[in-house]
Each structure stands twice: as C-alpha cells, then as structure tokens.
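The values are calculated or read from the model by the stated rules, or taken from the named source; none is laboratory data. Fair warning: this is a prediction, and the values are worked out from it, not measured in the lab. Counting neighbours? That spans all protein chains shown, and the Cβs are built from the backbone with ideal geometry, glycine included. In case anyone asks, the SASA skips ligands and DNA or RNA and just uses the protein heavy atoms, side chains included. Shrake-Rupley method; radii C 1.70, N 1.55, O 1.52, S 1.80 Å.
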Amino acid sequence: MESVKRGHHRISDEGLRVLASSPKALDNKFLCQYPSFRQFFERPATTPNRTAEIQELSNETPNDLIHQAISSINQNIADELMTEIMKRDASFFENLVVKLLLKMGYGGSAFDSGFVTQKSNDGGIDGIIREDKLGFDQIYIQAKRWNPEQTVGRPEIQKFSGALQDEGASKGLFITTAKFSDGAKISAEKQHIVLVDGARLTKLMIEYNLGVTTTTVYEIKSIDSDFFSDDSDDLA
C-alpha cells in the first residue's frame with residue numbers, strides 16, 4: 001500500500017504485481033524478496049511482542065491482507081466523514097440523517113416519505129419517516145450533532161421518550177455524532193428507542209454510499225470447482 005494523501009491509500013504497482021502472481025502464501029520466505037520487508041524483518045527487536053508480530057504476519061493470506069487494508073481505508077474514511085459532518089451546522093446533520101434512512105430503504109416510495117421538522121415548536125422531534133404511503137406508521141427522529149467525545153446520558157433519552165409520548169409515537173430513533181452511556185442504552189431499550197452513535201453512523205454512511213463515492217473496484221477470483229468436475233465436458 002502507498003499513501004496518496006491524508007486518509008487516502010491505494011495498492012502500489014508492486015502490490016498489484018504480487019496479487020497478479022497469485023502467491024500460495026505470504027510467508028517470510030516469500031516476503032524477504034522485498035528489501036523493505038527484509039529491513040523490517042532484520043531490524044533489532046524493540047518490543048517483547050516482536051516475534052509474535054512476525055509470526056502473525058507470516059500466517060496471513062493475501063485475502064487477509066486485503067481485508068485488513070479495506071478495513072483500514074474504511075476507518076480513515078469514517079474519520080474524514082465525521083470531520084466533514086462536524087464542520088456543518090445542525091440543520092445539515094438533520095437532513096443527512098433523513099437521507100440516510102431513505103437510502104437504507106425506510107419510507108417507501110412516496111416523495112414526502114421523509115422530512116425534517118420545522119425548527120420552531122418541533123417538540124424535540126427533528127425528523128419523521130413515513131413507513132407507508134398513507135402515513136399510518138411513522139418513525140420519529142432526534143438527530144444531535146454533538147462533540148464526538150461527548151457521552152449522551154439517560155436524561156436525554158428520557159426527554160426524547162417524553163417527546164414521543166406527546167406525539168403518540170411508538171417508534172423512535174436517537175442518532176448522534178457522540179457516544180451513549182450504558183445508562184442511556186438501558187433506558188432506550190426499555191422504551192423501544194433505537195440508538196445510533198457516531199461510529200455506527202459513519203459505518204452506515206459508507207455501507208449505503210452516502211457522502212462517499214467508489215473510486216476503484218477490484219475483483220478477487222477463485223477456482224470454479226463445477227467447471228473442473230467430471231461432468232464439465234457435458235455440453236447438454
């Protein structure tokens with residue numbers, strides 16, 4: 001892998017050549033053909049876990065390394081998404097949350113199936129998703145763009161629960177860029193309120209392609225065992 005810019009990585013030309021060669025195993029013997037790995041492998045041990053680190057690396061398959069790289073890239077993207085969200089105002093965040101839920105398939109096909117409530121007298125409800133065309137079933141949303149290091153406690157959940165009761169609502173979603181305390185989670189579970197914290201929010205945005213774009217797609221091939229079966233020459 002090579003770093004293009006902050007938070008952006010790509011497979012190097014040498015990495016592509018390694019993938020194309022379909023190595024049977026990425027063990028120390030194979031990797032020692034690369035000067036950068038020999039330098040890493042032969043350097044003096046600096047931590048008690050040095051041997052374990054090398055052993056773990058030698059046991060990883062190419063697919064394992066690809067999955068690790070994708071996980072690392074996604075984490076960097078999640079961090080960048082959070083940075084961009086925190087640059088925007090609360091109104092942008094409320095609209096983002098409604099768009100995400102629509103992307104996830106909530107709200108049906110009606111043009112007004114999801115919307116942000118009016119700023120004044122919203123009663124603690126920031127958005128509403130209609131689950132059916134006539135609006136018989138609705139999800140009420142509270143969206144809070146708060147400091148990612150902040151912890152949302154039980155009182156905030158109880159206030160949202162009170163707002164739901166005022167609306168006669170049975171389904172509530174509290175979504176925030178912050179974190180939830182254990183007390184908040186217990187309270188939400190008792191009152192049938194779904195919680196989404198900042199980490200899960202950015203993960204969902206990546207999964208449902210909101211605020212992100214696909215730059216490169218790689219296909220990983222495997223042997224088609226049916227093709228090589230005894231019946232593979234049967235043209236019928």
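For segment 150-164, indicate whether the set of residues that are part of a strand (DSSP E or B) and either modelled with pLDDT of 95 or more or closer than 22 Å to Ser91 by Cα (or both) is non-empty.
In the first step, residues of segment 150-164 are kept if they are part of a strand (DSSP E or B); the result is 151-152.
Imposing the further condition that a residue be either modelled with pLDDT of 95 or more or closer than 22 Å to Ser91 by Cα (or both) reduces the set to 151-152.
The answer is yes; a qualifying residue exists.
If you take the residues of segment 2-22 that are part of a loop (DSSP other than H, G, I, E, B) and surrounded by 13 or more Cβ atoms within 10 Å (Cβ to Cβ), which of them is nearest to the chain's Cα centre (by Cα)? Working first, answer last.
Step one: list which residues in segment 2-22 are part of a loop (DSSP other than H, G, I, E, B), which gives 6-7, 11-12, 21-22.
Of the ones still in play, those that are also surrounded by 13 or more Cβ atoms within 10 Å (Cβ to Cβ) are 7, 11.
Values: Gly7: 15, Ile11: 21 Å.
Result: Gly7.
Within this structure, Ala188 passes the test of being under 14 Å from Ile141 (Cβ atoms) and at pLDDT 95 or above. State whether the residues of segment 199-206 include one that is more than 15 Å from Lys99 (Cα to Cα), open to solvent by less than 40 Å² (accessible area, probe 1.4 Å) and among the β-branched types (Val, Ile, Thr). No, there is no match, as no residue in segment 199-206 is more than 15 Å from Lys99 (Cα to Cα), open to solvent by less than 40 Å² (accessible area, probe 1.4 Å) and among the β-branched types (Val, Ile, Thr). Scoring Gly211 on the criteria (1) in contact (Cβ under 8 Å) with a residue 60 or more places away in the chain; (2) assigned to a strand (DSSP E or B) leaves a single failure, condition (2).
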